[in-house]
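Remarks on the structure that follows.
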Amino acid sequence: MAIRLFRKKDESDRKIKIPEGMWIKCAACLEIIYKPEVERNLNVCPKCVYHFRIPARERIRAVIDEGTFVEFGEEMESVDVLNFTDTKKYVDRLKEAKKKTGRKEAVITGTGKVQGVEVALAVLDFEFQGGSMGSVVGEKIAITAEVALESRLPLIIFSASGGARMQEGTLSLMQMAKTSAALARLSDARVPFISVLTDPTTGGVAASFAMLGDVIISEPGALVGFAGPRVIEQTIQQKLPEGFQRAEFLLEHGMVDMIVERSRLKATLSMILRYLSGSGDR
């Protein structure tokens, strides 16, 4: 009679092997979620509607009609005029950011259509040096405003930034005035500007073009403000109100006009654009 031998299964045999990178943890509800499900949901948590940060290219795909986006200014890139060094050389930080994102700067500019309505567009990307505004970012935004003015196209700017780029010193701070002046010319010509605030919109970006929109929209839960809440608390030695500097707090205090979830943003932008152009139902 044949004797069958059975090997006892060890712990490694009983473990379920999960492909690496297929699950992510929501920063808000702390649920473990299947990553492809989140991506199908425009990178919004299906459990609690937390809006994950997304790259600029992905945001453009989400709001601009397929095949209509025409980029300009992509050849522009920052230089280290001040030979700035902190824990790293500025030139090395730029090289790392370019390698990480495959782009030369922290903003993508161009023209495209939102449900058939042509617009000028600038989209900041937090993945490139925290979306910081240096001389090139400011110049590209000013040029986009000039394109909008010359062609009389509505302007949309998506902000996602930690503020002015400290490695460029005063040159970066000058961009606050430059972008604001460009938008003032747009306003004088009665060309609409829609500002979309995403998480985070802070520092010199919040203190300039991000808060100058004719219509200011925010994604849910976005952090918006000049200094961060932790810095403010440490400075004034007081506890801040619950939800301070979040989109919902700003809406309650009249600093933004509406909060729109990512899934409804394209349709909402289209509605606003048609209304402002006079082609929508009144």
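For (1) in contact with a Pro (Cβ under 7 Å, 6 or more places away or on another chain); (2) surrounded by fewer than 23 Cβ atoms within 10 Å (Cβ to Cβ); (3) assigned to a strand (DSSP E or B), each residue gets a yes or a no:
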{"residue": "VAL137", "(1), (2), (3)": "no, no, no"}
{"residue": "VAL147", "(1), (2), (3)": "no, yes, no"}
{"residue": "ILE156", "(1), (2), (3)": "no, no, yes"}
{"residue": "GLN167", "(1), (2), (3)": "no, no, no"}
{"residue": "LEU173", "(1), (2), (3)": "no, yes, no"}
{"residue": "ARG190", "(1), (2), (3)": "no, yes, no"}
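Are there any pairs, at least 6 apart or on different chains, whose C-beta atoms fall under 9 Å, with the first in segment 239-250 and part of a helix (DSSP H, G or I) and surrounded by fewer than 17 Cβ atoms within 10 Å (Cβ to Cβ) and the second polar (S, T, N, Q) and at pLDDT 95 or above, and if so, which?
Listed pairs, sorted by first residue: GLU248/SER218.
Just to be sure before I move on: is GLY130 without any contact (Cβ under 8 Å) to a residue 60 or more places away in the chain and either among the acidic types (Asp, Glu) or more than 24 Å from VAL224 (Cα to Cα) (or both) in the structure I sent?
The answer is no for GLY130.
Suppose we filter THR179, THR198 for residues that are hydroxyl-bearing (Ser, Thr, Tyr), touching a Gly at 6+ places or on another chain (Cβ under 8 Å) and under 26 Å from THR68 (Cα atoms); which single one remains?
Residue meeting the stated conditions: THR179.
Of the residues that make up segment 99-121, is at least one under 20 Å from ASP199 (Cβ atoms), touching a strand residue (DSSP E or B) at 6+ places or on another chain (Cβ under 7 Å) and in contact (Cβ under 8 Å) with a residue 60 or more places away in the chain?
Residues of segment 99-121 that are under 20 Å from ASP199 (Cβ atoms), as a first pass: 100-101, 106-108, 121.
So of that shortlist, the ones also touching a strand residue (DSSP E or B) at 6+ places or on another chain (Cβ under 7 Å) come out as 106-108, 121.
If we keep only those that are in contact (Cβ under 8 Å) with a residue 60 or more places away in the chain too, we end up with 121.
Scanning segment 99-121, I find at least one residue that is under 20 Å from ASP199 (Cβ atoms), touching a strand residue (DSSP E or B) at 6+ places or on another chain (Cβ under 7 Å) and in contact (Cβ under 8 Å) with a residue 60 or more places away in the chain, so the answer is yes.
Out of all the residues in segment 251-275, which are in a loop (DSSP other than H, G, I, E, B) and either of a type in the set (A, V, I, L, M) or not assigned by TED's automatic domain parsing to the domain that holds ALA206 (or both)? Lay out the reasoning, then the answer.
Step one: list which residues in segment 251-275 are in a loop (DSSP other than H, G, I, E, B), which gives 253-257, 260-261.
Result: MET255, VAL256, VAL260.
Tally up the residues in segment 192-203 that are touching a helix residue (DSSP H, G or I) at 6+ places or on another chain (Cβ under 7 Å) and either free of Cβ contacts under 8 Å to residues at least 40 places away in the same chain or surrounded by fewer than 24 Cβ atoms within 10 Å (Cβ to Cβ) (or both), please. Spell out how you get there, then give the answer.
In the first step, residues of segment 192-203 are kept if they are touching a helix residue (DSSP H, G or I) at 6+ places or on another chain (Cβ under 7 Å); the result is 192-195, 197, 201.
In the following step, the residues that additionally are either free of Cβ contacts under 8 Å to residues at least 40 places away in the same chain or surrounded by fewer than 24 Cβ atoms within 10 Å (Cβ to Cβ) (or both) were identified as 192-195.
Going through segment 192-203 one residue at a time, the tally reaches 4.
Of everything in segment 56-70, what is among the charged types (D, E, K, R) and not in a loop (DSSP other than H, G, I, E, B)? Give them in sequence order. I'd like the intermediate steps shown before the answer.
Kept after step one, since they are among the charged types (D, E, K, R), are these residues of segment 56-70: 57-59, 61, 65-66.
Listed by number, the residues that qualify are ARG57, GLU58, ARG59, ARG61.
State all residues of segment 76-120 that are surrounded by 18 or more Cβ atoms within 10 Å (Cβ to Cβ), part of a loop (DSSP other than H, G, I, E, B) and polar (S, T, N, Q); if no residue qualifies, say none.
Of everything in segment 76-120, just one residue is surrounded by 18 or more Cβ atoms within 10 Å (Cβ to Cβ), part of a loop (DSSP other than H, G, I, E, B) and polar (S, T, N, Q), namely SER78.
Run down LEU153, LEU212, LEU171 and say which single residue is farther than 22 Å from VAL49 by Cβ and touching a Ser or Thr at 6+ places or on another chain (Cβ under 6 Å). Walk me through it before giving the result.
Numbers: LEU153 fails: touching a Ser or Thr at 6+ places or on another chain (Cβ under 6 Å); LEU212 fails: touching a Ser or Thr at 6+ places or on another chain (Cβ under 6 Å).
From the options LEU153, LEU212, LEU171, the qualifying one is LEU171.
With (1) outside any strand (DSSP E or B); (2) closer than 25 Å to MET271 by Cα; (3) not polar (S, T, N, Q) as the list, and VAL196 as the residue in question, which single condition is left unmet?
It fails just one condition, (1).
Looking only at segment 224-251, how many residues end up being within 22 Å of the chain's Cα centre (by Cα), within 24 Å of VAL49 (Cα to Cα) and not small (Gly, Ala, Ser)?
9
The values are calculated or read from the model by the stated rules, or taken from the named source; none is laboratory data. What you are looking at is a predicted structure, and each value in this text was computed from that prediction instead of being measured. Every residue, glycine among them, receives a Cβ derived from its backbone with ideal geometry; neighbour counts consider all protein chains shown.
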